[in-house]
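Working notes for the structure below.
The values are calculated or read from the model by the stated rules, or taken from the named source; none is laboratory data. It should be emphasised that the depicted structure is a prediction, and the values quoted were computed from it without experimental measurement. Here the Cβ is made from the backbone with ideal geometry for all residues, glycine too, and neighbour counts use every protein chain on show.
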Amino acid sequence: MKNFNVIKLLCYSGLIPFYALSILSFNINSIIIFDIFSIYSLVILSFLFGSNWLNLIIVQTKGNSKRFLFFVILSPIFLIICEIFFRLEIKFFVYAIFYFLVQLIDNKFITNFDYLKIRKNLTILVIISHIIILINIYSNGI
């Protein structure tokens, strides 16, 4: 893969807001920190689902690709509804689950093993950041 180190650097630098905000939330007990974290997470999830949509269109495998297409297209809409109507702790839990689901879809349709390794590591680290912020919410009763 061309520019693999640049791609890797850009992918991992996307973790900076997740961890900066989750650690900052312990020091600054403000709902704004949680909202920024939530919106950033929603933007990244929407981007990942958009990337999956493109992969599903290009791959066009037989069988259950229609089911995956509907899931990939409707997930950002569901996540926006979550952002608007769900409580913080439920929202972060749902987002963490959807990061895992995006990873499963990537594993099914992407064949680049180097990229899949990066995505697996990123998914684990992003889910951990969601767990950290959930710990803060529950420990501070926000």
Long-range neighbours under 6 Å by Cβ, at least six apart or interchain, first residue without any contact (Cβ under 8 Å) to a residue 60 or more places away in the chain within region 112-140, second assigned to a helix (DSSP H, G or I) and of a type in the set (F, W, Y): T123/Y99; I127/Y99; L134/F92
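Condition first: of a type in the set (V, I, T), surrounded by 16 or more Cβ atoms within 10 Å (Cβ to Cβ), farther than 30 Å from S30 by Cα and modelled with pLDDT under 95. Can you find one or more residues in region 51-65 that meet it? Don't jump to the end; show me each part of the working.
Here is the first cut: in region 51-65, the residues of a type in the set (V, I, T) are 57-59, 61.
Among the residues that remain, those that are also surrounded by 16 or more Cβ atoms within 10 Å (Cβ to Cβ) are: none.
No, because not a single residue in region 51-65 is of a type in the set (V, I, T), surrounded by 16 or more Cβ atoms within 10 Å (Cβ to Cβ), farther than 30 Å from S30 by Cα and modelled with pLDDT under 95.
If you check I124 against the conditions, is it within 11 Å of the chain's Cα centre (by Cα), more than 13 Å from L48 (Cβ to Cβ) and of a type outside the set (S, T, Y)?
Working: within 11 Å of the chain's Cα centre (by Cα): yes; more than 13 Å from L48 (Cβ to Cβ): yes; of a type outside the set (S, T, Y): yes.
Yes.
Only one residue in I39, I110, I44, I7 is at pLDDT 95 or above and surrounded by 13 or more Cβ atoms within 10 Å (Cβ to Cβ), so which one is that? Even if it seems obvious, please write down each step before you answer.
Working: I39 fails: surrounded by 13 or more Cβ atoms within 10 Å (Cβ to Cβ); I110 fails: at pLDDT 95 or above; I7 fails: at pLDDT 95 or above.
The conditions single out I44.
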With of a type in the set (A, V, I, L, M, F, W, C), free of Cβ contacts under 8 Å to residues at least 60 places away in the same chain and either farther than 18 Å from Q103 by Cα or in contact with a Lys or Arg (Cβ under 6 Å, 6 or more places away or on another chain) (or both) as the only criterion, which of I73, I32 stands out? I32
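So for region 80-91 (the condition being surrounded by 14 or more Cβ atoms within 10 Å (Cβ to Cβ), hydrophobic (A, V, I, L, M, F, W, C) and closer than 16 Å to I135 by Cβ), does at least one residue qualify?
Taking every residue of region 80-91 in turn, at least one turns out to be surrounded by 14 or more Cβ atoms within 10 Å (Cβ to Cβ), hydrophobic (A, V, I, L, M, F, W, C) and closer than 16 Å to I135 by Cβ.
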